Amino acid sequence: MTAELLPQTYTNGLSGNGGLYPEDEGLAATLPSAYLRFLPAIYWQDSFMGRFLRIFEDVLSPIQTNVSRRADQFDPAVASQPLLRFMATWVGANDLGELPEQELRGLVRRTVRLNQLRGTKAGLRMALETITGKRPYITEYSAGLVLGEDAVLGLNTSLQSGRPLQIHVLFNCDEDEVDTSLAHAIIRRYKPAGAEYSISFLT
């Protein structure tokens with residue numbers, strides 16, 4: 001009669017509580033290796049073989065975990081902070097100085113798209129909203145009174161004449177809610193080449 005190997009009975013000494021041994025370390029030390037399941041059934045109840053394979057399993061399990069999670073390390077949403085900072089240098093997202101972690105994750109995730117839109121209103125809006133977390137209203141010179149998504153009557157419209165290659169960025173918040181030096185750096189980087197700009201705040 002062949003004994004049946006029950007997968008749930010075997011472990012590499014690691015538990016689901018952060019990779020620690022169970023509280024009863026004596027019991028953990030006697031559990032055979034889960035690698036036994038890769039051997040013929042005749043070895044499944046061999047206590048020496050179970051202990052012997054535990055040596056390799058305990059050494060290889062952390063490596064296997066790192067390999068299995070490698071894809072996550074290149075995802076800006078969940079990558080470790082050191083690798084996130086490193087990835088920022090790959091895509092040129094480190095030119096704006098030391099950004100808070102969440103803003104940097106958003107910038108790294110969107111940088112490729114932002115570089116494609118660089119020099120456009122859509123790219124400038126996306127960059128400002130990603131990094132500052134505030135909704136910018138961006139208007140540019142046009143003759144007469146023009147209303148639209150970024151030009152709201154009573155908010156940032158004017159009958160005064162403007163100048164070509166002049167853009168204006170209005171933040172719908174107080175000035176102290178936005179890092180103005182960072183906002184200037186973002187606009188200089190993503191605005192159309194040669195365009196002048198100005199910034200204002202709602203209150």
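Rounded, prolate or oblate: which fits segment 73-127, taking a ≥ b ≥ c as square roots of the Cα gyration tensor eigenvalues, rounded meaning a/c under 1.5, else prolate when a/b beats b/c? The shape class here is prolate.
Beta carbons within 10 angstrom, averaged per residue: use that to sort the peptides 53-60, 70-77, 120-127, highest first.
120-127, 53-60, 70-77
If the segment from Val112 to Arg70 were pulled out straight at 0.36 nm per residue, it would be longer than the present Cα-Cα gap by 13.0 nm. The H on the amide N of Ile199, modeled in the peptide plane, is under 5 Å from the matching H of Val169, each at least 5 residues off or on a different chain. Count charges around Leu83 for me, please; just the other residues with Cβ under 11 Å from its Cβ, Lys/Arg as +1, Asp/Glu as -1. Net charge in that neighbourhood comes out at 0.
Any read-out appearing in this document is the output of simple, stated calculations on the displayed coordinates, not a laboratory observation. From a predicted model like this one, the values you see are computed outputs, not experimental measurements. Here Cβ is always computed from backbone atoms with ideal geometry, including for glycine, and neighbour counts include all displayed protein chains.
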